[in-house]
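Novice: A single structure is presented below for examination.
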Amino acid sequence: MSGNSQVTGAASFEAPDDLDAINHLYRERRWSDGLPIVPPTAERVGRMLRHTRRAPDEHPNLVVTQPERMLYVRTENEEAEPWLRPLFDRCMVENAIDKYADCENDECKAKIAKGERKCVFDEGRKVCYWSFGNSRALLPREWMKGPNKVSDSAPLKLLVLLRRNNESPAEQWLSPDEAIKTLKEGRTLIRPGAGPKEKWGTYGFEPWYNPYLLVRDDERQERFFREEMRVAKCVIYNTGAPGESIQRTHERILEAVASCE
């Protein structure tokens, strides 16, 4: 699109300055979601920027929103983090075991047999949150750290990826290219309770770590994440690294957020 302006820093291309033609082009290239747009010529963008306090070459923060009000949490975390128990006791829970005969945690059962620990059912508890590998709780966000720690939107400054294995480092900062490669591959350790039992402990692949993609579109996904990494750093944490805990991973995330201020 042609036009005279002082706007810099954005890619430009030639296209007819025609409402129907430009909307067709944007839909064809998947640059819009189908809603009508006004052709963003350099001249029009320049006029818009004159009414703001932003410089033409400034890259403003992206603002992300969190529509979900509940956290879908693996309840096995309670074994290492006992403070979660009273929270889970108040939640809607699925796949939690309510009798010893249904326990699938062979490691825990072996320790009980050796007298190294007591079974939670022998302690009078009605539910065990780590007897089955994929039991979950639907946890209201504000129950974790209080309502003053919850926000529905925030400027995007940091992308955090999580993985769990015993071979990767606890923390690794990624370049945009490294992050795209990691996301596109979607390599993930199949945990107990997820998928067929014979697959537990092996690796599977879930491109872009998104099981809900109706159609896989790598180009669109890469464009989406590269746009985010234009303004945000990216780090990946391994919650299964030796000596790592939920609390330590939480501390690492807070330290990373502080470094991005």
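Only the coordinates and a few stated rules stand behind these numbers; no lab work does. Fair warning: this is a prediction, and the values are worked out from it, not measured in the lab. Please note: Cβ atoms are built from the backbone with ideal geometry, for glycine as well, and neighbour counts cover all protein chains shown.
Novice: Sort largest first and round to whole Å: the equivalent ellipsoid semi-axes of the stretch 33-145, each the square root of five times a Cα gyration tensor eigenvalue. Before the final figure, lay out each step's value.
Specialist: On the way: eigenvalues 584, 40, 33 Å².
Each semi-axis is √(5λ); the values are 54, 14, 13 Å.
Novice: What whole-number distance in Å separates the alpha-carbon centres of the stretch 191-222 and the stretch 71-113?
Specialist: Going from one Cα centre to the other spans 25 Å.
Novice: Given q = 0.08, 0.10, 0.16 Å⁻¹, what are the Debye log10 I(q)/I(0) values for the chain, with equal point scatterers placed on the Cα positions and solvent ignored?
Specialist: One equal scatterer on each Cα of the chain leads to -0.49, -0.71, -1.40.
Novice: How far apart, in nanometres, would the label points at D18 and T202 be if each is projected 7 angstrom from Cα along the Cα-to-Cβ direction?
Specialist: 5.6
Novice: Okay, moving on. So what's the stretch 188-244 giving for Cα Rg divided by 2.2 N^0.38 Å, two decimals?
Specialist: Details: Rg = 15.0 Å, N = 57, 2.2 N^0.38 = 10.2 Å.
It is 1.46.
Novice: Right, another one. Return the lysines within reach of K109: Cα separation strictly under 21 angstrom, same-chain partners fewer than 8 residues apart disregarded; answer none if there are no such residues.
Specialist: Straight-line reach from K109, under 21 Å: K99, K118, K126, K197.
Novice: Which of R44, R69, R191 ends up with the largest GNM mean-square fluctuation for the chain, with Cα atoms connected below 10 Å?
Specialist: Sorting by GNM fluctuation, first place goes to R44.
Novice: About the Cα centre of the chain, what is the dipole size in debye to 20, counting +1 per Lys and Arg Cβ and -1 per Asp and Glu Cβ, all else neutral?
Specialist: Values: 41 positive and 43 negative charges, 110 e Å.
It works out to roughly 540 debye.
Novice: Would you list S12, S135 from fewest to most Cβ contacts within 10 Å? Before the final figure, lay out the partial values.
Specialist: Values: S12 15, S135 22.
Arranged by neighbour count, lowest to highest, S12, S135 become S12, S135.
Novice: Moving on. For V235, V127, what ranking results if the residue with the fewest other Cβ atoms within 10 Å of its Cβ goes first?
Specialist: Numbers: V235 20, V127 17.
Result, fewest neighbours first: V127, V235.
Novice: At 0.36 nm per residue, minus the direct Cα-Cα distance, what do K126 and V160 gain on full extension? Give it in nm, one decimal, please.
Specialist: On the way: separation 34, 0.36 × 34 = 12.24 nm, distance 3.57 nm.
Taking 0.36 nm per residue and subtracting the Cα distance, the gain is 8.7 nm.
Novice: Another one. Mind scanning K149/K184; K157/K181; K145/K181 and naming the pairs with a C-alpha gap bigger than 23 Å?
Specialist: Numbers: K149/K184 32 Å; K157/K181 20 Å; K145/K181 34 Å.
Too far apart for the 23 Å limit: K149/K184; K145/K181.
Novice: Set Lys and Arg Cβ to +1 and Asp and Glu Cβ to -1, take the dipole of the stretch 70-143 about its Cα centre, and tell me which of C119, A96, M70 lies farthest positive.
Specialist: Result: C119, furthest along the dipole toward the positive end.
Novice: Okay, next question. In what sequence do T182, T52 fall when counting other Cβ within 10 Å, fewest first? Present the calculation step by step, with values, prior to reporting the outcome.
Specialist: Working: T182 18, T52 10.
Listing T182, T52 from fewest to most nearby Cβ atoms yields T52, T182.
Novice: Picking from V64, V231, V215, which is most flexible by a Gaussian network model of the chain using Cα springs under 10 Å?
Specialist: For the chain, modelled as a Gaussian network with Cα springs under 10 Å, the answer is V215.
Novice: Angle between the Cα long axis of helix 246-259 and the longest principal axis of the chain, 0 to 90 degrees, nearest 10?
Specialist: 20
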